[in-house]
């Protein structure tokens, strides 16, 4: 098998593009795809300070490496969720890479910041764990980016993630979400930082190959709290179809992105945002979901303390 | 576990409806669902002569039983495709049920009718097998229904089939198909018989239970020529998601059917039909796909005969 680009011996094949690459040309391919994605959606320029959310998983670690190699102004931020062994391994991978490459890294320990680790929050909030976790992460990342003057927040979401999200929204016909899913969500209200996904054209498998070839440390465990996440089922389902008919996920996502305006046109006026009465961050309600969640957790804690007191 | 309807001992549970049934109430449930589907889409009345396509599989055999028990005027038609053992088993099931219940049955042997069995056609036509088979079946069934004055042709397609078709059309964003998928396709051109699917609200599992409870003979093998059919992958994919989140297929299909006009409105004028220059049946082309297919198969046969002659 020869490399499609340089004709050297290829080490891997990307079926949906009908190409094979040697190591050097594969790294170039990953970089080129990232550059094209950034350019297509005008995600950010080389001069802009970018905040990169790194979970410690393969995708965000790979994006950290690619953006750094491409000469972008990246500051990484890691949220230590306090999910015992899983969070320890994630933090180790993130810190190891930052030290090896001498890169700026911010670590926020959620337990210290909010008074609760994710597992503690989960026990107090009657919502699916991934929904609580998503809300906390979105809030803290946007909050940090805004207050530290980053104009853009980037995540490692890839083609498989985006196709799975799209499938989930289609199966439930969530029209509002179908109108807005995008690799680039603009900042359309003060306090809401632009969100971008420069890896939306790359698959799980391609990114895994990249971190393996580049010997980038990463945490390869699945979060123990997310093992029943429906997004994993959507990915599994799409992979079954992809196996027999490669390119399905690619077409499903890319055709949607090209035709979204015509497939799912906006029918209602955009939601009106205002500032949360408690924290001042943007929200559609009087008080934002994050403040409400935190208040619920705090009030349940006080109840528990009260209960313990009575029992003494 | 108690029967939701009569409080006797239940023998099965239908999770997506949050009900459990004894045998008697389950049979009633299947009948009621069928009656409601027929009524909702005004599929046919009790007086109308209905042509029912019976493959010998569980769905069409179950529909034959239900429609007969409900007192409809049903004539069954079976296409013997000539797929060796599979077709033999299918024909046996169909004939057995017709004899046991003394029901009208038409059998068309495709090889006698067209000069080719399905496997013979498959070898001569450079198209996926299921696509050739679908075209032949649609043509022959519609042709028979029209020329024998049936105003409606019914098939056993169920909720799983329809959800799988919908998923396939969504993954490829086939807008024209997305505009038209329906449990009831009207006759909007002379020669095009109305097509209906009275089982579109019932799942594979529910219909399997029904044929088992009713001891209806059926062929439970998968067609050996369709084992790579993408529809099977779509079903598998949806079942993975359903397993963790029951009701997904139900909502996916039913919400689409309710909102189709608003989700995928017709953007272009309807295709114009005319009569095939060869057989006179409706087509969008000058000559219909069926006549073209048959001509291709015949010309390839003649070429083969010629070749053999030369070789002698």
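Under the definition of partner shielding as Cβ atoms of other protein chains within 10 Å of a residue Cβ, what is the mean value for peptide B:169-180?
Details: counts 0, 6, 15, 5, 8, 0, 3, 0, 0, 1, 0, 0.
Average per residue, whole number: 3.
Going by C-beta contacts inside 10 Å, put A:86, B:234 in order with the fewest on the left.
Ordered from fewest to most neighbouring Cβ atoms within 10 Å, A:86, B:234 come out as A:86, B:234.
Given a cut-off of under 8 Å on Cα pairs at least six residues apart, what relative contact order in percent is computed for chain A?
Details: 446 pairs, mean separation 58.7, N = 312.
Reported relative contact order: 19 percent.
What whole number of Å gives the distance from the Cα centroid of the range B:113-130 to the Cα centroid of the range B:218-275?
The range B:218-275 and the range B:113-130 have Cα centres spaced 25 Å from each other.
With springs connecting C-alpha atoms under 10 Å apart, model chain B as a Gaussian network and identify which of B:285, B:302, B:33 has the largest mean-square fluctuation.
Looking only at B:285, B:302, B:33, the largest GNM fluctuation is found for B:302.
What ranking of A:207, B:216 emerges when the number of other C-beta atoms within 10 Å of each C-beta is taken as an exposure proxy, fewest first? Intermediate values should be presented prior to the final figure.
Numbers: A:207 25, B:216 19.
Ranking A:207, B:216 by Cβ neighbours within 10 Å, fewest first, gives B:216, A:207.
Assuming a ≥ b ≥ c are the square roots of the Cα gyration tensor eigenvalues, decide whether the range B:108-177 counts as rounded (a/c under 1.5), prolate (otherwise, with a/b larger than b/c) or oblate. Display every interim value, and only then the final one.
Values: a/c = 2.44, a/b = 1.27, b/c = 1.92.
It is oblate, given that a/c is not under 1.5 and a/b is not larger than b/c.
Compute the long axis of helix B:204-213 from its Cα atoms, compare it with the longest principal axis of the Cα atoms of chain B, and write down the angle in degrees, 0 to 90, nearest 10.
80 degrees
Once you order the gyration tensor axes a ≥ b ≥ c over the Cα atoms, which shape class does the range B:84-221 get: rounded for a/c under 1.5, otherwise prolate or oblate by comparing a/b with b/c?
rounded
Hey, what angle do you get for helix A:289-311 against the long axis of chain A, alpha-carbon based, 0 to 90 degrees rounded to 10?
Between the helix axis and the principal axis of chain A, the angle is about 50 degrees.
For q = 0.08, 0.10, 0.11, 0.16 Å⁻¹, what log10 I(q)/I(0) does chain A give under the Debye formula with an equal point scatterer on each alpha carbon and no solvent?
-0.40, -0.62, -0.75, -1.59
What 222 nm value per residue comes from the helices of chain B, counting each DSSP H run with n ≥ 4 as -39,500 (n - 2.57) and dividing by all residues, nearest 500 deg cm²/dmol? Each step should come with its number before you reach the end.
Values: 12 runs with 162 residues, N = 312.
Value at 222 nm, helices only: -16500 deg cm²/dmol.
Is the shape of the range B:157-312 rounded, prolate or oblate, going by the alpha carbon gyration tensor and its root eigenvalues a ≥ b ≥ c, with a/c under 1.5 for rounded and a/b larger than b/c for prolate?
On the way: a/c = 2.15, a/b = 1.39, b/c = 1.54.
In terms of gyration-tensor shape, oblate.
Report the percentage of all Cα-Cα pairs in the protein assembly as shown whose separation exceeds 42 Å, rounded to a whole percent.
40 percent
So what is the relative contact order for the range A:123-270, in percent, with contacts set as C-alpha pairs under 8 Å and at least six apart?
Working: 127 pairs, mean separation 45.3, N = 148.
Value for the range A:123-270: 31 percent.
Can you put B:173, B:209, A:64 in order, fewest other beta carbons within 10 Å first?
Numbers: B:173 17, B:209 22, A:64 25.
By the 10 Å Cβ count, ascending, the order reads B:173, B:209, A:64.
Only Cα pairs under 8 Å and at least 6 apart count here; give the relative contact order of the range A:235-302 as a rounded whole percent. Don't skip to the end; give the middle numbers.
Numbers: 38 pairs, mean separation 9.4, N = 68.
Taking the mean separation of contacting Cα pairs over the length of the range A:235-302, I get 14 percent.
For the protein assembly as shown, give me the percentage of DSSP beta bridges that are antiparallel, rounded to the nearest 5 percent. Write down the numbers at each step before the final one.
Values: 16 of 48 bridges.
Restricted to the protein assembly as shown, the bridges split so that about 35 percent are antiparallel.
Can you grab the distance from the C-alpha centre of the range A:18-73 to the C-alpha centre of the range A:172-206, Å, no decimals?
After rounding, the separation between the Cα centres reads 17 Å.
None of the figures in this text is laboratory data; all of them are computed from the coordinates on show. For clarity, every value in this text was computed on a predicted model and none was experimentally measured. Cβ sites come from the backbone with ideal geometry, for glycine too, and all protein chains shown count toward neighbours.
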